[in-house]
Structure formats: C-alpha cells, structure tokens
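Everything on this sheet refers to the single structure shown next.
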Amino acid sequence: MPRRKPSIMAALDSWVQSDAYHNRHLLGDDSVLEQVIKNSEDADLMPIAVSAAQGKFLNLQVARKNIEMAGLSTRIEVKVGSAAETLPSLGPDHSFDFAFIDADKVNNPLYFKEAQRLVKPGK
C-alpha cells in the first residue's frame, strides 16, 4: 500500500503546480524579467519571489537595481518603513493598480483596509 503524503507536502505540491500554471499563462517571455531573476540569483537570494527570511536590506538593494534595469526608476518610488505606519500616510496621489499582501499576519486587516483605499483601476 502506498504511503500517503503528509498534508503539508500535498499542499506544497498543489501550490507549486498552481504557481507553474499561472506563470505559464499569465507571464509571457520577458527579457527584463529574466535579467531581474538572474540578478536576484547572482545576489544569492532564494528563488522564492517573496520570502520573509530574505526580506532584509539586501532585497531592497536588489529591488532598486531591478527597478532601474527595468527602466522604471522614474515611475516607482521605494518607501522604507513599517507598512502599518507608511500605508495610512499615503494620500490619493499614491494609488495602485494591484496590491499583493504578504506580510506579518497580525496586521493583515490593516493592510487589506489600506489596500482597498489605495487600489484604483489601472490606466
């Protein structure tokens, strides 16, 4: 009789399959994205796009370099600080097309409320 996978492994397998599916269908070939991924790998960052363990100053340095490589440094403003303090201080001139929240779970209700306030239809 085959051994059952622990539920955490089954969930991880499901996530990996879902991520691969969505990336395949939502992301086209993008030479800048490939450069950004290579830049992150060269900086020894984990291949996971969002990682709390790696969310330190090195990520900020790499992010700024990636933004510059993508030619977006005049369109992106990097804010550094506690999101619980920074998000409420953003006014209507700081709106977003999309918000992805992967942060400390305790403050997720605040982040969600602020994301609702700040997300506007894209242009």
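List every residue pair whose Cβ atoms sit under 6 Å apart, with the two residues 6 or more apart in sequence or on different chains, where the first one lies in the stretch 16-35 and is among the β-branched types (Val, Ile, Thr) and the second, anywhere, is at pLDDT 70 or above.
Val32/Ala70
State which residue is farthest from the chain's Cα centre (by Cα) when the search covers only the stretch 91-105 and only residues that are closer than 12 Å to Glu77 by Cβ and not aromatic (Phe, Trp, Tyr).
Applying the filter and picking the extreme gives Asp93.
May I ask you to list pairs of residues, at least six apart or on different chains, whose Cβ atoms are under 9 Å apart, with the first in the stretch 94-114 being part of a helix (DSSP H, G or I) and the second being surrounded by 13 or more Cβ atoms within 10 Å (Cβ to Cβ) and of a type in the set (Lys, Arg)?
Going by the 9 Å Cβ cut-off, there are no qualifying pairs.
Since Lys79 meets every condition but one in (1) at pLDDT 80 or above; (2) part of a helix (DSSP H, G or I), which condition does it not meet?
(2)
Does Leu72 satisfy the condition of being in a helix (DSSP H, G or I), without any contact (Cβ under 8 Å) to a residue 40 or more places away in the chain and either on the phi < 0 side of the Ramachandran plot or loosely packed, with under 12 Cβ neighbours inside 10 Å (or both)?
no
The values are calculated or read from the model by the stated rules, or taken from the named source; none is laboratory data. All values derive from a computational prediction rather than experimental measurement. Every residue, glycine as well, gets a Cβ built from its backbone with ideal geometry; the counts of neighbours run over all protein chains shown.
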